[in-house]
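Novice: Have a look at this one.
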Amino acid sequence: LYILNELKEELGITLVGAHLNHCLRGGESDKDEAYAKKTCESLNIDFYSKKVDIHRISKEKNLSCEMAGREVRYEFFQELIIELNANKVALAHNANDQAETILMRIMRGTGIEGMVGIKPVRDEIYVRPILRLTRKEIEKYCSNNNINPRIDKSNLENIYARNKVRLEIIPYMEENFNKDIINTLNRLSNLVKKDNEYLVSISEKEYRKHCEISQQRVIINKSAFSLHEAILSRIIRSAL
């Protein structure tokens with residue numbers, strides 16, 4: 001928010017702050033919301049917030065709290081996009097988030113597309129301006145500019161898979177294998193992104209060439225099955 005605020009005239013943008021209170025940590029969650037509101041007021045930025053009981057929604061939909069929270073956040077963003085006629089939503093994912101995501105996906109057995117990780121731009125709406133910055137660089141920026149962010153204490157508990165990756169696996173890798181593992185995993189993401197984009201572009205052309213597409217169904221012609229498996233598997237996924 002502070003960086004975009006510094007650049008708003010140069011970029012020709014109007015900023016609005018949005019905060020979803022997940023109600024997961026009682027009074028602490030309310031203090032987070034109050035802090036976000038106060039921050040926006042200090043920068044003369046309009047502020048919108050919403051309270052949602054994520055525990056209740058996760059039980060109702062049989063989802064993890066993380067997934068339920070994500071769903072509700074994006075619904076909130078969509079509401080604001082329509083209400084404010086906004087054209088971009090800036091999210092605060094950073095290089096550490098990217099590294100964690102890639103490691104988690106590798107452990108689940110992902111393909112090349114999964115190793116691309118978090119995309120800097122998605123659907124031409126969601127943008128991640130600080131995706132290349134590491135947590136250390138962000139903390140240094142905060143320190144240099146007298147910004148005192150609130151710490152979500154649940155990020156320091158080893159109860160979620162992502163937290164275990166963040167608090168145990170990455171520090172272990174840094175200490176024993178590669179002290180620059182965050183940037184190394186981000187470099188991996190950039191390399192496979194280029195390969196994946198090339199494969200996707202070929203697959204899209206072949207999909208249109210070898211498939212009969214209607215509203216009700218997609219028929220994959222026999223001719224597609226002579227293509228390389230890397231392309232064929234993508235055609236089948238697109239058809240599905």
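The values are calculated or read from the model by the stated rules, or taken from the named source; none is laboratory data. Source: prediction; values computed, not measured. Cβ atoms come from the backbone with ideal geometry, glycine included; neighbour counts cover every protein chain shown. When the accessible area is computed, the model is the full protein with side chains, heavy atoms only, and any ligands, DNA or RNA have been set aside. Shrake-Rupley method; radii C 1.70, N 1.55, O 1.52, S 1.80 Å.
Novice: What are the residue pairs meeting all of these: first residue in segment 7-33, first residue in a strand (DSSP E or B), second residue of a type in the set (V, I, T) and open to solvent by less than 60 Å² (accessible area, probe 1.4 Å), Cβ atoms under 6 Å, and 6 or more apart or on different chains?
Specialist: Listed by first residue and then by second, the contacts come to G17/I45.
Novice: Residue pairs, Cβ under 6 Å, 6 or more apart or interchain, first in segment 88-111 and under 22 Å from Y74 (Cβ atoms), second assigned to a strand (DSSP E or B) and open to solvent by 20 Å² or more (accessible area, probe 1.4 Å). List them.
Specialist: K88/V127; A90/V127
Novice: Continuing with the same structure: The conditions are (1) open to solvent by 90 Å² or more (accessible area, probe 1.4 Å); (2) without any contact (Cβ under 8 Å) to a residue 12 or more places away in the chain; (3) assigned to a loop (DSSP other than H, G, I, E, B), and K38 fails exactly one of them. Which is it?
Specialist: Condition not satisfied by K38: (3).
Novice: Within segment 75-87, track down each residue that is exposed (fewer than 14 other Cβ atoms within 10 Å of the Cβ) and not in a helix (DSSP H, G or I).
Specialist: Answer for segment 75-87, where residues must be exposed (fewer than 14 other Cβ atoms within 10 Å of the Cβ) and not in a helix (DSSP H, G or I): N85, N87.
Novice: What is the one condition in (1) surrounded by 14 or more Cβ atoms within 10 Å (Cβ to Cβ); (2) of a type outside the set (S, T, N, Q); (3) more than 29 Å from V192 (Cα to Cα); (4) modelled with pLDDT under 90 that M67 does not satisfy?
Specialist: (3)
Novice: Taking segment 154-165 on its own, how many of its residues are in a helix (DSSP H, G or I) and open to solvent by 60 Å² or more (accessible area, probe 1.4 Å)?
Specialist: Going through segment 154-165 one residue at a time, the tally reaches 4.
Novice: Among the candidates I118, I182, I231, which residue alone is outside any helix (DSSP H, G or I), touching a residue at least 12 places away in the same chain (Cβ under 8 Å), open to solvent by less than 60 Å² (accessible area, probe 1.4 Å) and touching a helix residue (DSSP H, G or I) at 6+ places or on another chain (Cβ under 7 Å)?
Specialist: On the way: I182 fails: outside any helix (DSSP H, G or I); I231 fails: outside any helix (DSSP H, G or I).
None of the other options fit; the residue is I118.
Novice: Might you check whether a residue that is among the polar types (S, T, N, Q) and modelled with pLDDT under 95 occurs anywhere in segment 23-38?
Specialist: Within segment 23-38, one or more residues are among the polar types (S, T, N, Q) and modelled with pLDDT under 95.
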